[in-house]
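The values are calculated or read from the model by the stated rules, or taken from the named source; none is laboratory data. None of these values were measured; they are calculated from a predicted model. Cβ placement follows ideal geometry from the backbone for every residue including glycine, while neighbour counts extend to all protein chains displayed. The area values use the complete protein model at the heavy-atom level, side chains included, leaving out ligands, DNA and RNA. Shrake-Rupley method; radii C 1.70, N 1.55, O 1.52, S 1.80 Å.
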Amino acid sequence: EWSVPKPRHLRLLASGLQRESSDGEPTDLWAPLADQGWRPCLGGSVNTPPALPQKSEGYLQVFLDGGLNQQRMGICDAVAVAKILNATLVIPYLEVNPVWQDSSSFMDIFDVDHFINVLKDDISIVKELPDDFSWSTREYYATAIRPTRIKRAPVHASANWYLENVLPVLQSNGIAAISPFSHRLSFNNLPSEIQKLRCKVNFKALVFVPHIRALGDALVHRLRYPPTESQPLITDDLTGTTDRNVKQMPQKFVVVHLRFDKDMAAHSACDFGGGKAEKLALAKYRQRIWGGRVLNSQFTDEELRSQGRCPLTPEEIGLLLAALGFDNSTRLYLASHKVYGGEARISTLRDLFPKMESKKSLASSEERVLIKGKASLLAAVDYYVGMHSDIFVSASPGNMHNALVGHRTFENLKTIRPNMPLLGQLFLNKNITWLEFRQAVVEGHQNRQGQLRLRKPKQSIYTYPAPDCMCQA
């Protein structure tokens, strides 16, 4: 479908490949974030939890679309809406995404008992509807207009909208189903206890199922304690521990979320060097997936890049990391689903960082059997490893980027946010030297390494948890 693209930044790449391993780790690069004076602050007393109302107004169902992280935010909003309505929340139904084609349920991804237990003093939650309401299914709402379905919930609706439009349905029918339910609750003008509840769900109640956590722990351990040439990788169990690890110093590693899938490439309308065949293929893909709702951009490729609206290619994210000071001994973990172009696209990044790992290289096929072909579970493993890394870098903004930036802010962990407009302009300059490029990159990312940013109006509470869900110490 496309010609294998050659590296687009040959001069920079040649210089980047010539850099050598540093004798000692650059302390400012790997140093953890300084204490920024903020702490998680979710409110409520552990000893005296607020009593739930004796009578629920009815059952609330939500049908969530999107990938793992969009669904994650939807789950948090669903809990908040259930609280606003004094409704009993049914464990959310996860739609099959047309791009990822994953049918995993809530219980396949998240520890449902932990979820219910953490929130038991906040709202009432059931795993499934009682028999009297067993008719309320996805299929039931797909065949006709139903009085119990709320179909046109506005994007970022207010609490009052739910009280005026959904509460009467609950009181009349004992149940209300909201579909679709994605970005359906405002981030503004909500009571502080509702905001804190959303963060409690996101950062405390939503944990992955045990086998995801076990595999994640194994991958983190193998990144921290890599085998030497005389000690091959042992993957016979999920602990990843052997006697040789006892005396070995743990190594630091970077997680790079390389969001460069076909979906992202097509949506951006940028040129990635694959020639006319690639442009045609991406245009056809846009039409098939979005049916004309996403058209070819009115901007040229140069304009899009200078505005920072093109996702970074594997080559470009590698050059960014090299310019920041990560050398060829740096251990990289590649968090990604399917990279558009496969290994041909990734090879330049691998040349710059030969110690690059992924789920496939670190885990055996037996260990991966439970997540194989399941995009949400694969993303869950990457999310888990991303939360346990020394540094997290996302190649392009998106739901995974937003979720991990917010979660790592909550835990005060270092996260490098690429300066997209700056990088777009630097990569357009074909005459720039490595020294000029490196200096511009370092200066342009000094304040983009996890420094806490307070949420502004309309911004997501899941990306910017302060000040709503964090308190100044």
### Summary
Sole miss for Asn412 among (1) open to solvent by less than 10 Å² (accessible area, probe 1.4 Å); (2) touching a strand residue (DSSP E or B) at 6+ places or on another chain (Cβ under 8 Å); (3) more than 18 Å from Ser336 (Cβ to Cβ) is condition (1)
### Task
Name every residue in the stretch 84-141 that is assigned to a helix (DSSP H, G or I) and open to solvent by less than 30 Å² (accessible area, probe 1.4 Å), in order of residue number.
Leu85, Phe106, Ile109, Val112, Phe115, Tyr141
#### Entry: Long-range neighbours under 7 Å by Cβ, at least six apart or interchain, first residue surrounded by 16 or more Cβ atoms within 10 Å (Cβ to Cβ) within the stretch 268-281, second in a loop (DSSP other than H, G, I, E, B) and small (Gly, Ala, Ser)
Ala269/Ser297; Gly274/Ser3
### Query
Leu185: under 25 Å from Pro465 (Cα atoms), surrounded by 15 or more Cβ atoms within 10 Å (Cβ to Cβ) and in contact with an Asp or Glu (Cβ under 6 Å, 6 or more places away or on another chain), yes or no?
yes
### Task
Test each condition in (1) part of a loop (DSSP other than H, G, I, E, B); (2) farther than 16 Å from Arg72 by Cα for Val169 and report the one that comes out false.
(1)
### Message
When you scan the stretch 15-24, do you find a residue that is under 30 Å from Val118 (Cα atoms) and either in contact with a Lys or Arg (Cβ under 7 Å, 6 or more places away or on another chain) or modelled with pLDDT under 90 (or both), even just one?
### Response
no
### Query
Among (1) in a helix (DSSP H, G or I); (2) at pLDDT below 95; (3) open to solvent by less than 10 Å² (accessible area, probe 1.4 Å), where does Ala380 come up short?
(2)
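Please enumerate the residues belonging to the stretch 142-158 that are assigned to a loop (DSSP other than H, G, I, E, B) and surrounded by fewer than 13 Cβ atoms within 10 Å (Cβ to Cβ). Talk me through it step by step, then tell me what you get.
Step one: list which residues in the stretch 142-158 are assigned to a loop (DSSP other than H, G, I, E, B), which gives 144-148, 151-158.
Result: Ala144, Ile145, Pro147, Lys151, Arg152, Pro154, Val155.
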### Query
Do we have any residue at all in the stretch 308-323 that's open to solvent by less than 20 Å² (accessible area, probe 1.4 Å), within 21 Å of Leu12 (Cα to Cα) and among the hydroxyl-bearing types (Ser, Thr, Tyr)?
yes
### Task
Tell me, yes or no, whether the stretch 230-242 has at least one residue that is outside any loop (DSSP other than H, G, I, E, B), open to solvent by less than 70 Å² (accessible area, probe 1.4 Å) and either at pLDDT 95 or above or not polar (S, T, N, Q) (or both).
no
### Task
Would you check if Trp161 is loosely packed, with under 14 Cβ neighbours inside 10 Å and hydrophobic (A, V, I, L, M, F, W, C)?
no
### Query
Any idea which of Pro354, Pro314 is over 16 Å from Arg259 (Cα atoms), assigned by the TED database to the domain that holds Ala269 and either out of contact with any helix residue (DSSP H, G or I) (no Cβ under 6 Å at 6 or more places or on another chain) or at pLDDT 90 or above (or both)?
Pro354
#### Entry: Cross-chain or 6+ apart pairs with Cβ under 7 Å, the stretch 204-228 first and outside the structural domain of Val385 (by the TED database) and within 14 Å of Ser364 (Cα to Cα), then among the hydrophobic types (A, V, I, L, M, F, W, C) and open to solvent by 50 Å² or more (accessible area, probe 1.4 Å)
Ala214/Leu238; Leu215/Leu238; Ala218/Leu238; Arg222/Leu233
